[in-house]
Amino acid sequence: EVQLVETGGGLVRPGSSLKLSCATSGFTFSNTWMNWVRQAPGKGLEWVALIKDKYSNYEANYAESVKGRFTVSRDDSKSRVYLQMNTLRDQDTATYYCTRAFNYGYFFDYWGQGVMVTVSS
Amino acid sequence: DIQMTQSPASLSASLGETVTIECRASEDIYNGLAWYQQKPGKSPQLLIYNANSLHTGVPSRFSGSGSGTQYSLKINSLQSEDVASYFCQQYYNYPLTFGSGTKLEIK
């Protein structure tokens with residue numbers, strides 16, 4: 001059974017940093033592309049970042065709204081994907097979902113339960 | 001960026017009815033479109049990809065169609081468990097973008 005479990009969320013001040021982690025199981029993580037998607041409270045979905053696999057040189061892509069502040073990474077030995085979030089803003093407040101890309105595609109066939117990040121003074 | 005305009009924002013229908021949700025892209029996305037269902041308090045789930053391919057395990061009363069800039073999700077014989085928000089997503093180009101969602105309720 002495919003499982004994605006996010007951890008690391010919480011309440012932080014504007015300007016601070018936070019690192020999210022997503023532990024995965026039930027599939028071959030090393031040759032799977034992974035993403036982060038977020039959803040502000042009561043709002044729609046926003047793609048945040050994608051990290052490809054070693055065969056694609058771990059290429060990463062970001063939404064413009066987080067480029068330069070967020071960094072996606074992965075540890076294939078631990079089947080984990082991470083999202084380092086720096087210089088957090090109020091607008092980054094959201095539930096962050098770890099998602100699996102379907103078959104080297106750019107859409108998502110499995111989603112974690114999500115982790116809440118609240119940025120507030 | 002490719003803008004996805006989804007309509008209607010909300011929809012109320014009776015059990016057994018057929019409903020249609022539309023998504024219009026700001027440019028041709030060449031069938032690079034997925035549909036997701038998000039039940040209250042839950043994570044989204046993939047329904048349709050490549051505009052018209054049904055994801056494994058999704059009931060056949062869900063179907064997708066369209067081409068170019070215009071796409072739709074149809075739900076036949078509406079069931080109570082279909083109460084959810086539905087989102088389209090284009091993946092033809094970066095950044096990957098979603099529609100604003102349609103909230104479906106039972107009348």
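Residues that are within 13 Å of another protein chain (Cβ to nearest Cβ), at negative phi and either buried (at least 18 other Cβ atoms within 10 Å of the Cβ) or in contact (Cβ under 8 Å) with a residue 60 or more places away in the chain (or both): does the range B:74-86 have at least one? Steps first, please.
Step one: list which residues in the range B:74-86 are within 13 Å of another protein chain (Cβ to nearest Cβ), which gives B:85-86.
Retained after the next criterion (residues that are at negative phi): B:85-86.
The next check asks that each one be either buried (at least 18 other Cβ atoms within 10 Å of the Cβ) or in contact (Cβ under 8 Å) with a residue 60 or more places away in the chain (or both); those that pass are B:85-86.
Yes, the range B:74-86 contains at least one residue that is within 13 Å of another protein chain (Cβ to nearest Cβ), at negative phi and either buried (at least 18 other Cβ atoms within 10 Å of the Cβ) or in contact (Cβ under 8 Å) with a residue 60 or more places away in the chain (or both).
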Inset, instruction - Would you be able to tell me the number of residues in the range A:44-100 that are of a type in the set (Phe, Trp, Tyr) and not in a strand (DSSP E or B)? - result: 2
Legend entry - Which listed residue, of B:Glu17, B:Glu105, is in a strand (DSSP E or B), farther than 17 Å from A:Thr99 by Cβ and more than 9 Å from every other protein chain (Cβ to nearest Cβ): B:Glu105
Legend entry - the range A:20-40 residues that are at positive phi and in contact (Cβ under 8 Å) with a residue 12 or more places away in the chain, paired with ones that are outside any strand (DSSP E or B) and of a type outside the set (D, E, K, R) (beta carbon under 7 Å, 6 or more apart): A:Gly26/A:Val2
Inset, instruction - Keeping to the range B:57-73, report how many residues are of a type outside the set (Gly, Ala, Ser), within 14 Å of chain A (Cβ to nearest Cβ) and either farther than 11 Å from B:Trp35 by Cα or surrounded by fewer than 20 Cβ atoms within 10 Å (Cβ to Cβ) (or both). - result: 1
Inset, instruction - Test A:Tyr82 against the stated conditions and say whether it is under 11 Å from the mean Cα position of the chain (by Cα) and more than 14 Å from chain B (Cβ to nearest Cβ). - result: yes
Inset, instruction - Check whether at least one residue in the range A:59-69 is under 25 Å from B:Gln37 (Cα atoms), among the β-branched types (Val, Ile, Thr) and modelled with pLDDT of 95 or more, and report yes or no. - result: no
Inset, instruction - Among the numbered conditions (1) within 12 Å of chain A (Cβ to nearest Cβ); (2) on the phi < 0 side of the Ramachandran plot; (3) not charged (D, E, K, R), tell me where B:Ser7 comes up short. - result: (1)
Legend entry - Residues satisfying the stated conditions in the range A:101-121, i.e. touching a Ser or Thr at 6+ places or on another chain (Cβ under 9 Å), among the small types (Gly, Ala, Ser), within 10 Å of chain B (Cβ to nearest Cβ) and not in a strand (DSSP E or B): A:Gly112, A:Gly114
Legend entry - Restricting the range A:46-71 to residues that are among the hydrophobic types (A, V, I, L, M, F, W, C) and more than 17 Å from A:Glu6 (Cα to Cα), the residue that is nearest to the other protein chains (Cβ to nearest Cβ): A:Ala63
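Take the range A:30-39 and flag every residue that is away from every other protein chain (no Cβ under 12 Å) and part of a loop (DSSP other than H, G, I, E, B). I'd like the intermediate steps shown before the answer.
Going through the range A:30-39, the residues away from every other protein chain (no Cβ under 12 Å) turn out to be A:30-32, A:34.
Correct list: A:Thr32 only.
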Legend entry - Enumeration of residues in the range A:57-92 that are hydroxyl-bearing (Ser, Thr, Tyr) and surrounded by 13 or more Cβ atoms within 10 Å (Cβ to Cβ): A:Tyr58, A:Tyr62, A:Ser65, A:Thr71, A:Ser73, A:Ser79, A:Tyr82, A:Thr87
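Before we move on, is B:Gly99 within 11 Å of another protein chain (Cβ to nearest Cβ) and free of Cβ contacts under 8 Å to residues at least 60 places away in the same chain? Spell out how you get there, then give the answer.
Details: within 11 Å of another protein chain (Cβ to nearest Cβ): yes; free of Cβ contacts under 8 Å to residues at least 60 places away in the same chain: no.
Judged against the criteria, B:Gly99 is not a match.
The values are calculated or read from the model by the stated rules, or taken from the named source; none is laboratory data. All values derive from a computational prediction rather than experimental measurement. For neighbour counting, all protein chains shown are included, and Cβ atoms are generated from backbone atoms with ideal geometry for every residue, glycine included.
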